[in-house]
């Protein structure tokens, strides 16, 4: 556990460095700052993976057994999702707003890490379970970035209408770029959560005798909300602003699922 903690701490420092250089790059537009930010973020991502790999070997499963491990995996997936967005859209100016999400969740993980790992549970092993959990967390991470991007979109609209763009927001990407990044994040989330839920159905039927659980109902509703976000623009001609607000509402449903449902309602998808 000490090694996991140290590696996670090092990853946190690297993420913080990436954030600092991302802000410097946004303010001064020096290519060197952007390159350093990219290198630090990549190193943090790799070191963080090492921490998760060691943690997984200790518990013989995906590091998701308790709140701390779940937060760490979440943070790693956020960093990975941001990397995908950066490569896909070739846009780094959103880094100062998206990297802090990974920093926040990893910091929570370190602050709540238990002194001793939970004993292995044979029900929570195997590649099928690993894919189920990993894809579910990837989906949550992608929706988290969509939540932040939706807020950036709304703030940009507000600033444009007031004709008061500050230094940081004046260097943000255009609204259509933010909209495309938001759309990509939701697309990643929908695909990941849908596949994770399908794998969960198969595993639940084998282990519980039924696939139904309160967590399942909330997850299906969550998928429906975000699929509607993807289609509302084309089918209903909704504006980007309305879709952004719907995305934000969907994220509050996600938070309810990840906290209240996991901690107090479901009997199977509980941190233990």
Practice prompt. Compute the label zone of residue 175 within the range 127-149: residues whose backbone N is under 20 Å from the point 7 Å along Cα-to-Cβ.
Written response: 146-149
Worksheet item: By count of other Cβ within 10 Å, fewest leading, how are 133, 227 ordered?
Response: 227, 133
Worksheet, complete the sentence: Cα-based Rg and Dmax for the range 1-83, in Å, come out at 14.0, 46
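Laboratory data are not the source of any read-out in this text; all were calculated from the coordinates shown. What you see is a predicted model; the values in this text were computed from it and never measured. Ideal geometry is used to build each Cβ from the backbone, glycine not excepted, and the neighbour counts take in all protein chains shown.
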